[in-house]
Amino acid sequence: MSRPDNTHHRLAVALEYDGEGAPTVTAKGADALAEAIVALAQNHDVPVHADQTLAQLLSQLEVDEEIPERLYRVVAEVIAFAYLIKGKTPGDLR
C-alpha cells in the first residue's frame, strides 16, 4: 500500500493588482523557486504575507490568470494590509 505524500513544500505566489479588474498571478513556485520569489519581493520592498492555505489555492492558477471570485475577499484583505504597512491607499494606484 502506498502512503500519501505528506511532504510540505514552501509555496510562493506573486500577485499584481493595478486597481482594475481582479488581481493577477504574476509568478509562482515551490521550494527553491518559492524562496527566490520571496527574496526578490523582500529585496524590492514588496510586502510578503505568509498564508500556506491561500498559497496552495493560488498556486493552482496559471501565471497571468486573474484570481477567482471566491478568493476576492481574502486577497482584498491581503492587499489592504500591504497598503497599510506601506502607508498607501488604493487611490495611490492611479
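If you work out Cα extents along the principal axes in Å from the coordinates, which of [x] 56, 30, 20; [y] 56, 49, 36; [z] 49, 32, 22 do you get?
Checking each listed value against the structure points to [x].
How do 44-56, 22-34 rank on mean C-beta neighbours within 10 Å, highest first?
22-34, 44-56
Just subtract the alpha-carbon distance of Ala27 and Glu66 from 0.36 nm times their residue separation and send over the number in nm, one decimal.
Answer, rounded to one decimal: 12.8 nm.
Between 0 and 90 degrees, rounded to the nearest ten: what's the tilt of helix 32-43 against the longest Cα principal axis of the chain?
20
Ordered by packing density, taken as the mean number of other Cβ atoms within 10 Å over each peptide's residues, highest first, how do 59-65, 74-80 rank? The partial results should precede the final answer.
On the way: 59-65: 12.0, 74-80: 15.0.
Averaged packing, sorted descending, gives the order 74-80, 59-65.
Determine the calculated [θ] at 222 nm for the chain from helices alone, applying -39500 (n - 2.57) to every DSSP H run no shorter than 4 residues and normalising by the residue count; nearest 500 deg cm²/dmol.
After summing the helix terms and dividing by the residues of the chain, the value is -11000 deg cm²/dmol.
Suppose R0 equals 25 Å. What FRET efficiency, 1/(1 + (r/R0)^6) with r the Cβ-Cβ distance, do Asn43 and Ala80 give to the nearest 0.05?
0.60
Using the alpha-carbon atoms, what tilt in degrees (0 to 90, nearest 10) does helix 72-86 show relative to the longest principal axis of the chain?
Helix 72-86 and the main axis of the chain meet at about 60 degrees.
Whose amide H sits under 5 Å from the amide H of Ser59, counting only residues 5 or more places off or on another chain, with H placed in the peptide plane?
Here nothing satisfies the definition.
Where a number appears in this text, it was derived from the coordinates with a stated rule and is not lab data. Just so you know, these numbers come straight off a predicted model, no measurement behind them. Every residue, glycine as well, gets a Cβ built from its backbone with ideal geometry; the counts of neighbours run over all protein chains shown.
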